[in-house]
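Inspection log for the structure reproduced underneath, given as structure tokens.
The values are calculated or read from the model by the stated rules, or taken from the named source; none is laboratory data. Since the model is a prediction, treat every value here as computed from it, not as a measurement. Here the Cβ positions follow ideal geometry from the backbone for every residue, glycine too, while neighbour counts run over all protein chains shown.
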């Protein structure tokens with residue numbers, strides 16, 4: 001019996017006896033250690049990466065204390081539970097095979113570098129172009145190792161009626177001079193900074209936004225990208241330059257191109273809708289000062305699935321909105337909803353699922369086994385496997401949780417709210 005009691009103390013750090021003076025003096029105490037879980041990490045390149053959960057052997061509580069009096073607790077394999085009136089006990093974290101996956105994302109930038117972008121952004125002490133340039137760099141920096149990025153600038157040849165430019169228009173393809181083809185995030189940021197030191201002067205005339213979207217479509221069609229992709233377009237006004245003959249050699253089909261010298265009928269709106277419907281690519285539009293109230297920009301955003309175009313109040317607001325958009329491309333989540341426990345708990349009723357949401361990774365929330373009619377978790381008959389079910393599984397795979405752990409013993413954490421009913 002003395003050996004069995006010693007096992008109890010080892011697992012629970014000696015805090016499970018009603019006769020323990022420390023427990024009676026201070027009321028209920030917990031020697032539960034902090035959670036150990038799986039966190040996403042940086043991964044270069046473009047493809048799925050996995051990281052170990054960080055679960056080691058079961059984590060112990062505080063230092064062992066003298067065994068409590070015989071008969072003060074009841075023990076079962078792998079767990080000891082108190083029988084004292086104060087129900088004082090501790091807990092430890094169960095070793096599992098759970099892993100979090102990190103899938104890098106992709107970003108295509110469409111950037112207006114026309115002359116009007118060099119105008120001041122009121123009350124910021126900088127130009128619109130400089131502010132947007134820096135905001136994008138700042139937004140990409142924390143995730144640069146998890147992104148593939150390319151950029152199409154417009155125009156790359158002055159868009160002036162009667163002046164010959166590139167075949168079919170004034171925007172070079174993504175592989176052409178003055179553009180940045182898709183490349184890993186760190187290399188892109190270097191090329192992005194270099195672009196602003198080497199861009200030839202005198203070419204940034206006109207805003208051929210339609211052509212830029214057609215070039216973007218070519219780039220997205222020809223690229224081999226893995227993971228989620230978004231498009232972010234920056235401009236400070238409506239399109240005001242249209243290629244002659246309705247687009248020339250840019251592959252514009254019947255009914256889309258305009259008459260010679262006339263605007264094309266919102267090609268960019270149609271392209272954004274196609275990307276969303278066919279490739280699940282969202283299109284964000286950043287309207288810099290001067291773009292307020294431009295209907296076509298809002299139409300692009302609506303067609304691209306982002307509700308309305310972004311009109312930032314200041315440069316900090318712009319950085320925050322860009323960061324939020326870019327973060328959508330990097331996906332984190334459990335690699336499976338079936339999780340193996342090691343060792344299997346001897347008292348299954350003492351097993352608790354604790355999750356840490358990505359929006360608040362410091363707070364652990366206990367998950368009820370029947371969270372709702374369409375969400376919860378189950379334990380196999382031999383107590384070796386946990387299965388997340390329904391919308392709880394969907395949330396875990398989609399990256400809602402920063403960590404998923406199992407605690408064994410007495411757990412006192414706030415509950416995870418059930419998901420809202422599906423309407």
Pair list, Cβ < 6 Å and 6+ apart or interchain, from the range 282-304 residues that are on the phi > 0 side of the Ramachandran plot and modelled with pLDDT under 95 to residues that are crowded, with 19+ Cβ neighbours inside 10 Å and not in a helix (DSSP H, G or I):
290/236; 290/237
Of those in the range 387-401 that are modelled with pLDDT of 95 or more and part of a strand (DSSP E or B), the residue surrounded by the fewest Cβ atoms within 10 Å (Cβ to Cβ) is 387
Kindly list the number of the only condition in (1) in the same structural domain as residue 236 (by TED's automatic domain parsing); (2) within 20 Å of the chain's Cα centre (by Cα) that fails for residue 336.
(1)
Name the strands (runs of 3 or more DSSP E) wholly inside the range 86-192 in which the number of residues that are in contact with a helix residue (DSSP H, G or I) (Cβ under 7 Å, 6 or more places away or on another chain), modelled with pLDDT of 90 or more and crowded, with 23+ Cβ neighbours inside 10 Å is 1 or more.
105-112, 147-154
When residue 310 is evaluated against the numbered criteria (1) closer than 19 Å to residue 93 by Cβ; (2) buried (at least 20 other Cβ atoms within 10 Å of the Cβ), which criterion, by number, is the only one it fails?
(1)
Among the listed residues 404, 411, identify the single one that is part of a strand (DSSP E or B) and either farther than 16 Å from residue 337 by Cβ or touching a strand residue (DSSP E or B) at 6+ places or on another chain (Cβ under 7 Å) (or both).
404
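Working carefully through the options 379, 392, find the one that is assigned by TED's automatic domain parsing to the domain that holds residue 347 and closer than 15 Å to residue 356 by Cβ.
392
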In the set 271, 215, which member is at pLDDT 90 or above and more than 25 Å from the chain's Cα centre (by Cα)?
215
